[in-house]
1. Given the stretch 78-221, what percent of its DSSP beta bridges are antiparallel, to the nearest 5?
2. Taking amide H positions as placed 1.01 Å from N in the peptide plane, with prolines and chain starts having none, which residues 5 or more places from Arg84, or on another chain, fall under 5 Å of its amide H?
3. Find out how many positive minus negative residues lie around Val218, taking Lys and Arg as positive, Asp and Glu as negative, among other residues whose Cβ is under 13 Å from that of Val218.
4. Nearest 0.05, what FRET efficiency do Glu141 and Glu181 give at R0 = 22 Å with Cβ-Cβ as r?
5. Once a ≥ b ≥ c are taken as the square roots of the eigenvalues of the Cα gyration tensor of the stretch 78-221, is the result rounded (a/c under 1.5), prolate (a/b larger than b/c) or oblate (a/b not larger than b/c)?
6. What ³J(HN,Hα) values, in whole Hz, does the Karplus curve 6.51 cos²θ - 1.76 cosθ + 1.60 give for the stretch 151-162 when θ = phi - 60°, with x put for Gly and Pro?
Amino acid sequence: MPTAPDARTRRRRSARALLAAAAALAGAVCLTWSLLSTAAGDSSDPDTAERGTPSAAGGTTTPATDVPVAASPEEAPRGKARPRALRVPSLGVSASVDPMTVHDGVLTPPSDAARLGWWDESARPGSAHGRVVVAGHSVHEGNGAFDVLGAVAPGDQIQVDTQGARMVYEAERVATYDKAEFAARASRIMRRTGAPRLVLITCADWDGTGFASNTVVVARPE
């Protein structure tokens, strides 16, 4: 008779799933957006942004003009709804947030470069543990939601709106890793345990054909 997996086996499976998702985020989104950009020639289509798996999904690359937010979000309630919009006031960043799900190792990011994606297996804003992981496009010609993410400075405020509520975070650190280093750090960067944090990810270091690195911002709840 088959027995239920013990705690150690479950932890190993969870770790493998996390690493697979991290690899998807680090590799495929950049690949997908690079392919979209190549296909579009010199248009402002997304090029590559950060971590995700290859996706064949196309779609419009016109920046969204209307960002749905709560009408009167309260300051920093500790709810556990999914993120719907994100702002970095110091940089003028404001974007809608859509869920991203890994299916068979493939993570499909928003087709619109002006929107962000929240990994739906990561923590939710207001959770007591784990990291809220949000990835966004960088487009070397502009119009990507996270084009200027690398300009975030420690102490900058980041606002995350859920349904009828707002969480406020303060940037702690900003780092850029090459793909190999990011892969080595992925299980820590995206972990689902430990102190609550917001993690923002995008691509960096455009070399003319693709992005060589990932920029990561880690922020703590205020």
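A short reminder: the numbers here are calculations on the coordinates, not readings from a lab. It should be emphasised that the depicted structure is a prediction, and the values quoted were computed from it without experimental measurement. Backbone-built Cβ (ideal geometry, glycine too); neighbour counts: all protein chains shown.
1. Around 80 percent antiparallel, to the nearest 5.
2. Asp161, Thr162
3. +4
4. 0.25
5. It comes out rounded by the Cα gyration axes.
6. Going residue by residue, I get 8, 4, 10, x, x, 5, 8, 10, 10, 10, 9, 10 Hz, with x marking Gly and Pro.
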